[in-house]
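Right, one structure below, let's go through it.
The values are calculated or read from the model by the stated rules, or taken from the named source; none is laboratory data. This is a predicted model, so every value here is computed, not measured. Note that we place each Cβ from the backbone using ideal geometry, even for glycine, and neighbour counts take in every protein chain shown. Surface accessibility is based on the protein's heavy atoms, side chains included, excluding ligands, DNA and RNA. Shrake-Rupley method; radii C 1.70, N 1.55, O 1.52, S 1.80 Å.
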Amino acid sequence: MTEEAQVGVQNEIEIIGAEDQQYTVYDLHCHTLFSDGTLSPTDLVIRAKEKGVHYLALTDHDETSGLDEAQAKADEIKLNLIHGVEVSVSWDNNQTIHIVGLNIDKENEALQQGLAEIRQERVRRAKKIASKLEKAGIPNVWRDVVEQNGFEALTRTHFGRFLLEHNHVKDMKEAFKKWLGRKGRAHVTGHWVPMKDAVEWITQAGGQAVIAHPVRYGMTNRKLEKLVLDFKDAGGIGLEVIGNRYSSAERAAMASLARRFDLLASVGSDFHAPGNPYIELGRNLGLPEHVKPIWHDWHN
Ligand code: AMP
Ligand code: MN
Ligand code: MN
Ligand code: MN
């Protein structure tokens with residue numbers, strides 16, 4: 001299923017509250033308002049603690065500016081914060097793939113230059129999206145979405161929220177289906193950076209590169225295997241095997257993929273905002289036993 005198609009789908013998996021779990025809870029993928037989340041880094045970290053998370057990675061899209069604030073709060077309330085980022089890359093004829101970097105040195109120059117380059121492309125793409133929406137008769141998109149944001153990590157989520165707030169759509173699902181998603185009227189392909197470059201920047205910054213939400217790209221198994229091989233060639237080492245709403249079948253398939261290709265297993269809610277009980281920090285992120293966790297050597 002595609003990323004667009006997945007949102008809002010409730011599958012059969014049992015939801016286990018992190019607060020009831022006896023073992024260490026990792027959540028290694030989430031967002032703040034430094035990209036397309038709605039919480040400040042402070043509020044995100046507090047919420048993670050409340051939800052029983054022990055290790056939280058903040059992974060904003062192409063942006064690390066939320067990490068200082070998150071770290072300050074994490075120190076205060078004694079939560080282990082992993083410095084992360086979710087990098088937008090283009091792979092195999094401009095297909096967008098997201099690569100999560102964990103334990104990065106956010107001061108690394110090559111990484112920051114790369115992220116700045118991607119954010120410039122975000123601005124270029126945002127202008128095109130705004131113009132398509134305005135041509136379709138929706139007023140003030142540029143003014144309200146782009147100018148008012150005052151920062152560079154402009155995502156399609158920002159446009160989706162604008163469309164919703166101004167009653168052009170009934171929910172975010174419709175915003176993506178009708179306008180912003182792959183088949184939407186205002187869709188613009190992002191020309192991000194090659195996957196190889198992103199993996200190299202993360203690795204040079206001392207980080208671990210992980211393929212984010214592999215079940216959401218709508219790929220055949222064959223294509224997914226090709227992605228994994230290219231990713232490994234580039235130096236990537238991890239696969240997000242578990243997400244909040246993955247079905248049992250998806251969990252098993254991703255665990256098997258990680259095992260077959262000798263990738264370390266990561267887990268993440270991809271939390272953006274409170275309000276959806278199915279997408280929550282630390283929820284339902286237990287790892288199957290037969291995979292090797294990405295954190296296997298974090299505690300040495
Ligand atoms: P971008 O990186 O700017 O292309 O935006 C992608 C982001 O849009 C993802 O990280 C999700 O947060 C969000 N997104 C994608 N599809 C949907 C959807 N169907 N409903 C709500 N949010 C979505
Ligand atoms: Mn997002
Ligand atoms: Mn993503
Ligand atoms: Mn994400």
Output for Cβ contacts, cut-off 9 Å, separation at least six or different chains, first residue over 13 Å from Ala57 (Cα atoms) and open to solvent by 10 Å² or more (accessible area, probe 1.4 Å) in the range 202-215, second outside any loop (DSSP other than H, G, I, E, B) and within 13 Å of ligand 4 (Cβ to nearest atom), reads Thr203/Gly101; Val215/Gln6; Val215/Glu240
Residue in the range 3-25 that is modelled with pLDDT of 95 or more, within 30 Å of Gly114 (Cα to Cα) and open to solvent by less than 30 Å² (accessible area, probe 1.4 Å) present: no
Scan the range 59-86 and report the pairs whose first residue is within 16 Å of Glu107 (Cα to Cα) and in contact (Cβ under 8 Å) with a residue 60 or more places away in the chain and whose second residue is of a type in the set (Lys, Arg) and within 16 Å of ligand 2 (Cβ to nearest atom), with Cβ atoms within less than 8 Å and a gap of 6+ or a chain change. Asp62/Arg119; Asp62/Arg122; Glu63/Arg119
Note down all Cβ pairs under 6 Å where the first residue falls in the range 251-277 and is under 19 Å from Lys223 (Cβ atoms), the second is assigned to a loop (DSSP other than H, G, I, E, B) and open to solvent by less than 10 Å² (accessible area, probe 1.4 Å), and they're at least six residues apart or on different chains. none
Selection from the range 45-65 of residues open to solvent by 10 Å² or more (accessible area, probe 1.4 Å) and closer than 30 Å to Val123 by Cβ yields Arg47, His61, Glu63, Thr64, Ser65
Name the single residue, out of those in the range 123-155 being touching a Phe, Trp or Tyr at 6+ places or on another chain (Cβ under 9 Å) and in contact (Cβ under 8 Å) with a residue 60 or more places away in the chain, that is least open to solvent (accessible area, probe 1.4 Å). Ala153
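Pick from Glu121, Glu63, Glu107: which is in a helix (DSSP H, G or I) and more than 20 Å from Ile237 (Cβ to Cβ)?
On the way: Glu63 fails: in a helix (DSSP H, G or I); Glu107 fails: in a helix (DSSP H, G or I).
Checking each option against the conditions leaves just Glu121.
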Within the range 258-285, work out how many residues are surrounded by fewer than 21 Cβ atoms within 10 Å (Cβ to Cβ), modelled with pLDDT of 95 or more and over 24 Å from Phe34 (Cβ atoms). 5
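In the range 184-201, what residues are under 14 Å from Ser90 (Cα atoms), aromatic (Phe, Trp, Tyr) and either more than 16 Å from ligand 4 (Cβ to nearest atom) or open to solvent by less than 10 Å² (accessible area, probe 1.4 Å) (or both)? Let's see the steps before the verdict.
Let us first name the residues in the range 184-201 that are under 14 Å from Ser90 (Cα atoms), namely 188-199.
Now drop any that are not aromatic (Phe, Trp, Tyr), which leaves 192.
Answer for the range 184-201, where residues must be under 14 Å from Ser90 (Cα atoms), aromatic (Phe, Trp, Tyr) and either more than 16 Å from ligand 4 (Cβ to nearest atom) or open to solvent by less than 10 Å² (accessible area, probe 1.4 Å) (or both): there is none.
Looking only at the range 220-236, filter to residues that are outside any helix (DSSP H, G or I) and free of Cβ contacts under 8 Å to residues at least 40 places away in the same chain; which one of those is surrounded by the most Cβ atoms within 10 Å (Cβ to Cβ)?
At the first step, the residues of the range 220-236 found to be outside any helix (DSSP H, G or I) are 220, 234-236.
Subsequent filtering for residues that are free of Cβ contacts under 8 Å to residues at least 40 places away in the same chain retains 220, 234-235.
Details: Thr220: 8, Ala234: 20, Gly235: 13.
Checking each candidate, the answer is Ala234.
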Single condition Ala110 does not satisfy, out of (1) over 20 Å from Leu163 (Cα atoms); (2) crowded, with 19+ Cβ neighbours inside 10 Å; (3) of a type in the set (A, V, I, L, M, F, W, C): (2)
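Any residue in the range 161-183 that is of a type in the set (Gly, Ala, Ser), open to solvent by less than 60 Å² (accessible area, probe 1.4 Å), at negative phi and more than 16 Å from ligand 2 (Cβ to nearest atom)? Write out each step before concluding.
Restricting attention to the range 161-183, the residues satisfying the condition of being of a type in the set (Gly, Ala, Ser) are 175, 181.
Checking which are open to solvent by less than 60 Å² (accessible area, probe 1.4 Å) leaves us with 175, 181.
This time we only want the ones that are at negative phi, so: 175, 181.
If we keep only those that are more than 16 Å from ligand 2 (Cβ to nearest atom) as well, we get none.
Within the range 161-183 (the criterion being of a type in the set (Gly, Ala, Ser), open to solvent by less than 60 Å² (accessible area, probe 1.4 Å), at negative phi and more than 16 Å from ligand 2 (Cβ to nearest atom)), the answer is no, since none of the residues qualifies.
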So, in the range 66-104, exactly how many residues are open to solvent by less than 10 Å² (accessible area, probe 1.4 Å), touching a His at 6+ places or on another chain (Cβ under 9 Å) and either part of a helix (DSSP H, G or I) or not aliphatic (A, V, I, L, M) (or both)? 7
Among the residues in the range 165-181, are any outside any strand (DSSP E or B), more than 16 Å from ligand 1 (Cβ to nearest atom) and touching a residue at least 12 places away in the same chain (Cβ under 8 Å)? yes
